[in-house]
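Trainee: Mind having a look at this structure? Questions to follow.
Every number here is computed from the coordinates shown, using simple stated rules; none is lab data. Values in this document were obtained by computation on a predicted structure and should not be read as measured data. Positions of Cβ are generated from backbone atoms using ideal geometry, with glycine treated the same way; all protein chains shown enter the neighbour counts.
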Amino acid sequence: MTEIAVDDDGLRERPPTTTLAADDRLRPYHWAVMVLGVLGYATIAADAAIFPTSYPLVQQSLGFSDSAVGYIYAGGFFTCGVIAMFLIGPLTDRFGRKPLFVAAIAICSAFTILTGFAWNTTSFGILRSIATIGYVSWGLATVLIAESVPAKHRGWMTGTVPVGWAIGFGSSAFFSEHIAASMGWRAVFWIVGILPLAFGIAVSFVIKETPHFQDLQHARRTGSSRFHIDVAKTEKSVLSQLWAADMRRRTIGVTLFFLFIVPQYAIMSYFGLSFLQGKDISFLEANRAITWANWLGIVTILAASFVTRGKGAHYTLTAVGVLGSVCALFMVYLATPSTIVPWFIVYVLITIGLWGGSSNFLQEAFPTRIRGTGGAWGSGMLWTSYGTLALIVAPLLTVYSWNVLVIVFGAVLPLIALVGLWMVPRPKALNSNLEDLVH
């Protein structure tokens, strides 16, 4: 009889059987799922970057204060975070990965277009907050891919989803540089808002519900499971399962990791325009730097996703966090007015690697019965971190310099994040089948 290894918190790994060998082959459908997941998230990322890359024009048009910028950011991020954690995640584990992914994209598209018709600060803030619900699509896209593709390729294929972020964020900065300056900010919101709708329609026709979720539904109905789901535990609330004794350590680790690692990247992505303008870089030059940093970041994300396949998410994310911290210190102490833009680009190139490893990390952290909820929880912590940063950056800048903020958010907080990262047990073997993580 084959011995079954059990780790500290009760997750067991079964040795792969020979019947799984054929499943390692990539088929056209697997590529389609990955491409649509990446492009769908790219449209969401383009939406996410509209305001950070065009807010001076929006601010001038609608007449809101600098402090209102932070509140608008925070309102959207907290709305997304709370809804992701307490609504979208549980619904994903009850009704399926695909319908929630399509719904998130549709909501983002509709309310981004409507934001282009905002007439004052209040209407703009409300419409933007609702549109950000679509940002949960990062977690949903990675679940769709992780549960649809062969285990051998899961690490790098889920790691490609954030390539969509780099494509979308860079494209939005490009639009702000070339379209907003000539046609106005409203045109950018209308153009970018249409994109998620197109991909949402494509997803609804091409992507099927994942085999793992279908098995979860079958297990609830019949009590039997192809992927060895613990049926008894599926009867409990998915949120209560997340904090049960066997999952608590993992949930706390995921929470700490995303809360404290995100500021390392966000301080120069969402606040890159403010940072560069504070260094006397013009609006157009700053957006050009943001565009190139994110587009070049595609290489970093892909590299991180392939390293994840070979070394595992834990080691990949540790390397990104440490290198990002070192680069933050170099940017503060070595950059000059003439070299600040190149240093900014290098910093973004390193820290954007977070997204190449975090997707697989999040999918391996939780079993199938709560993978949707766990993924949404991590996504919610991500956006909560963004929201908190949005609230505190402006007030902190009245007391401290940008250099202090870069040291704290770019070099110090990531060390706490790494503690959370290593609280989550690593899989016994790299690229294990998701069904081999059984509870």
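Trainee: Please give the peptides 203-211, 43-51 ranked by average Cβ packing (other Cβ atoms within 10 Å per residue), highest first, as a rough proxy for protection.
Mentor: Values: 203-211: 16.0, 43-51: 27.8.
So the order, starting with the most tightly packed, is 43-51, 203-211.
Trainee: Number of Lys pairs in the range 27-427 with C-alpha atoms less than 26 angstrom apart, excluding same-chain neighbours closer than eight positions?
Mentor: Numbers: 98/152; 98/208; 98/233; 98/236; 152/208; 152/311; 208/233.
Summing the qualifying lysine pairs gives 7.
Trainee: Take peptides 28-34, 415-421, 148-154 and line them up by average Cβ neighbours within 10 Å, highest first, as a rough protection proxy. All intermediate terms of the calculation are to be shown ahead of the outcome.
Mentor: Details: 28-34: 15.6, 415-421: 18.1, 148-154: 20.6.
Ranking the peptides 28-34, 415-421, 148-154 by packing returns 148-154, 415-421, 28-34.
Trainee: Relative contact order for the range 27-427: what is it in percent, counting Cα pairs under 8 Å that are at least 6 residues apart?
Mentor: Working: 704 pairs, mean separation 114.5, N = 401.
In percent, rounded to a whole number, it is 29.
Trainee: If you don't mind, another one. Got the relative contact order for the range 310-439 handy, in percent, Cα pairs under 8 Å and 6 or more residues apart? Mind showing how you got there, number by number?
Mentor: Working: 79 pairs, mean separation 56.1, N = 130.
Answer for the range 310-439 is 43 percent.
Trainee: Next question, about the same structure. Calculate how steeply helix 97-115 sits against the longest principal axis of the alpha-carbon atoms of the chain, using the helix alpha-carbon long axis, and give the answer as 0 to 90 degrees to the nearest 10.
Mentor: The helix 97-115 is inclined about 10 degrees to the chain.
Trainee: Still on this model: Viscosity 1.306 mPa s, temperature 10 °C: give me the Stokes-Einstein translational D for the chain in µm²/s, with Rh taken as the Kirkwood radius over C-alpha pairs.
Mentor: Approximately 73 µm²/s, per Stokes-Einstein.
Trainee: Related question: What number, rounded to the nearest 500 deg cm²/dmol, is the helix-based mean residue ellipticity at 222 nm of the chain, given -39500 (n - 2.57) per DSSP H run of at least four residues and division by all its residues?
Mentor: Values: 21 runs with 313 residues, N = 439.
Only helices count here, giving -23500 deg cm²/dmol.
Trainee: Here is a follow-up. I need the peptides 100-110, 238-248, 361-371 ranked by packing, meaning the mean over residues of other C-beta atoms within 10 angstrom, with the highest value on top.
Mentor: Values: 100-110: 23.6, 238-248: 16.3, 361-371: 26.9.
Highest mean packing first, the order is 361-371, 100-110, 238-248.
Trainee: I'd like to know how the range 72-148 sits against the 2.2 N^0.38 Å rule of thumb: what's its Cα Rg over that expected value?
Mentor: On the way: Rg = 13.1 Å, N = 77, 2.2 N^0.38 = 11.5 Å.
Dividing the Cα Rg of the range 72-148 by 2.2 N^0.38 Å gives 1.15.
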